[in-house]
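Trainee: Encoded as structure tokens, here's the structure I'll be asking about.
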Amino acid sequence: YNEKGIAEGLLATCDVFDPSSRKWTEGTASLSRARWGHGCAALGGKVYVVGGCSLQPEAQAREAFMVTLRCCEVYCPEENRWTACAPLQIARSGSRVVAIGDRHLAAIGGCDDVFGRAETQPTVELFDAVSKTWQLLSPRLLNPRTTAAAVALDDTRLLVIGGAPSNNTAEVYNLEIPGVGGSPPTSEIQEVANLAEGRMGCQAAVLLLPAPGCSYPLVHKRSAVIIGGERCEESPDFARIRQFDTVPIYDIETGKWRQDEIVPPLPGARTAVAVCVGMGRADSPPWTAPAASEPGHMRTTMVPYGMDPVDLFDSESEESDVESLITVPIHEES
């Protein structure tokens, strides 16, 4: 939503980022239903938008008429069109949606609204792109979470970190997904050491980084980086929101948090970010930021570790070797 707020400023528009020109453009089809607080992930060359909050149909633009959604949409780039897909089992906003392999999505946590006025969800749902159905999984998360960070470590494991209210815990959610016609998916939980500080509104991504004691451009250590977020620090007089620029790193091989600072802080502390990983180099550590989209959108696509989107452009053939990155509107926080 934009500066008008979650009711009057609710958005359905989408922007496209072109790595070759490093510019955002309009023209992508709008969502069928305006929403915020939704999850978003790419799977099989399509973009899925899951849950979130929206106004009741035909309702006045007031917060009191907000509802949490089960409905989901999928975007097809070839057709430039959003269409409805299977609804969630549970309405959820503030959940994280993660692609697992080339067939499944996981919707992790969330709550009845992003403000956390309802019970926070400890549940995980799995979407099968072949059967086009969502299935509620067991067991639940060790800790109920909303606006947590989540990322797939491989085709069977999800790392879930933080979440409201300023949670510092982390866990690995292990999935066993049989083939078509097999038994239903099963799962188990592995506890991970806590973060030094709890954070919510964060995101995560898996990257190759230098091993401890090594330096760029030697990158072969698969790691999960935790990006952005905020912490509510309460005092007798008021609650103070502190946003993070630090980047905790989880070593996927050892299952532990790294103690070095191979990834520098973000250029600016931020929360409620959107993050995606593009093709590129990892030969030096600075962050770079593409151009911003139009005012009123939270559009944060951070390109880390020396990757320059211009390098994705083949100057001889004058063609880009990657697809444009698509983002959809998420709620804006000051």
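The values are calculated or read from the model by the stated rules, or taken from the named source; none is laboratory data. Note that the structure is predicted; figures quoted are calculated from it, not measured. Because the Cβ atoms are built from the backbone with ideal geometry, glycine has one as well, and the counts that use them run over all protein chains shown.
Trainee: Restricting to segment 154-171, give me the number of residues that are surrounded by fewer than 19 Cβ atoms within 10 Å (Cβ to Cβ) and either assigned to a loop (DSSP other than H, G, I, E, B) or in contact with a Lys or Arg (Cβ under 8 Å, 6 or more places away or on another chain) (or both).
Mentor: 5
Trainee: Next question, about the same structure. Of the residues that sit in segment 247-261 and are part of a loop (DSSP other than H, G, I, E, B), at pLDDT 90 or above and not basic (Lys, Arg), which one is surrounded by the most Cβ atoms within 10 Å (Cβ to Cβ)?
Mentor: PRO248
Trainee: Within the set of pairs 6 or more residues apart or between chains, which connect a residue that is within 15 Å of LEU137 (Cα to Cα) inside segment 95-111 to a residue that is aromatic (Phe, Trp, Tyr) with Cβ atoms less than 7 Å apart?
Mentor: VAL97/TYR48; HIS104/PHE127; LEU105/TYR48; LEU105/PHE127
Trainee: The conditions are (1) of a type in the set (Val, Ile, Thr); (2) at pLDDT 95 or above; (3) in contact with a strand residue (DSSP E or B) (Cβ under 7 Å, 6 or more places away or on another chain), and THR133 fails exactly one of them. Which is it?
Mentor: (3)
Trainee: For LEU43, indicate whether it is closer than 26 Å to ALA205 by Cα, of a type in the set (A, V, I, L, M, F, W, C) and in contact (Cβ under 8 Å) with a residue 12 or more places away in the chain.
Mentor: yes
Trainee: Can you tell me which residue in segment 11-36 is nearest to VAL67 (Cα to Cα), limited to those that are of a type in the set (A, V, I, L, M) and part of a loop (DSSP other than H, G, I, E, B)?
Mentor: ALA34
For (1) surrounded by fewer than 14 Cβ atoms within 10 Å (Cβ to Cβ); (2) under 22 Å from VAL206 (Cβ atoms); (3) of a type outside the set (A, V, I, L, M); (4) in contact with a Cys (Cβ under 6 Å, 6 or more places away or on another chain), each residue gets a yes or a no:
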position	(1), (2), (3), (4)
GLU26	yes, no, yes, no
TYR48	no, yes, yes, no
ALA59	yes, no, no, no
CYS71	no, no, yes, no
GLU78	yes, no, yes, no
ILE100	no, yes, no, no
ALA107	no, yes, no, no
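Trainee: Okay, next question. Please determine, by comparing only the residues of segment 1-36 that are hydroxyl-bearing (Ser, Thr, Tyr) and without any contact (Cβ under 8 Å) to a residue 60 or more places away in the chain, which one is nearest to GLU78 (Cα to Cα).
Mentor: SER30
Trainee: Could you list, in sequence order, all residues of segment 55-94 that are farther than 27 Å from ASN143 by Cβ and part of a strand (DSSP E or B)?
Mentor: Matches in segment 55-94: LEU55, GLU73, VAL74, TYR75, CYS76, ARG81, TRP82, THR83, ALA84, CYS85.
Trainee: Moving to a separate point now. Before we move on, is PRO265 touching a Lys or Arg at 6+ places or on another chain (Cβ under 8 Å), in contact (Cβ under 8 Å) with a residue 12 or more places away in the chain and not aliphatic (A, V, I, L, M)?
Mentor: no
Trainee: Here is a follow-up. Restricting attention to segment 94-121, which residues are of a type in the set (D, E, K, R) and modelled with pLDDT of 90 or more?
Mentor: If the condition is that a residue be of a type in the set (D, E, K, R) and modelled with pLDDT of 90 or more, then ARG96, ASP102, ARG103 are the ones that fit.
Trainee: A further question follows. Out of curiosity, is THR13 of a type in the set (Ser, Thr, Tyr), out of contact with any strand residue (DSSP E or B) (no Cβ under 8 Å at 6 or more places or on another chain) and buried (at least 16 other Cβ atoms within 10 Å of the Cβ)?
Mentor: It is true that THR13 is of a type in the set (Ser, Thr, Tyr), out of contact with any strand residue (DSSP E or B) (no Cβ under 8 Å at 6 or more places or on another chain) and buried (at least 16 other Cβ atoms within 10 Å of the Cβ).
Trainee: Another question about this same structure. From (1) in a loop (DSSP other than H, G, I, E, B); (2) within 21 Å of PHE244 (Cα to Cα), pick out the condition that doesn't hold for PRO139.
Mentor: It is condition (2) that PRO139 fails.
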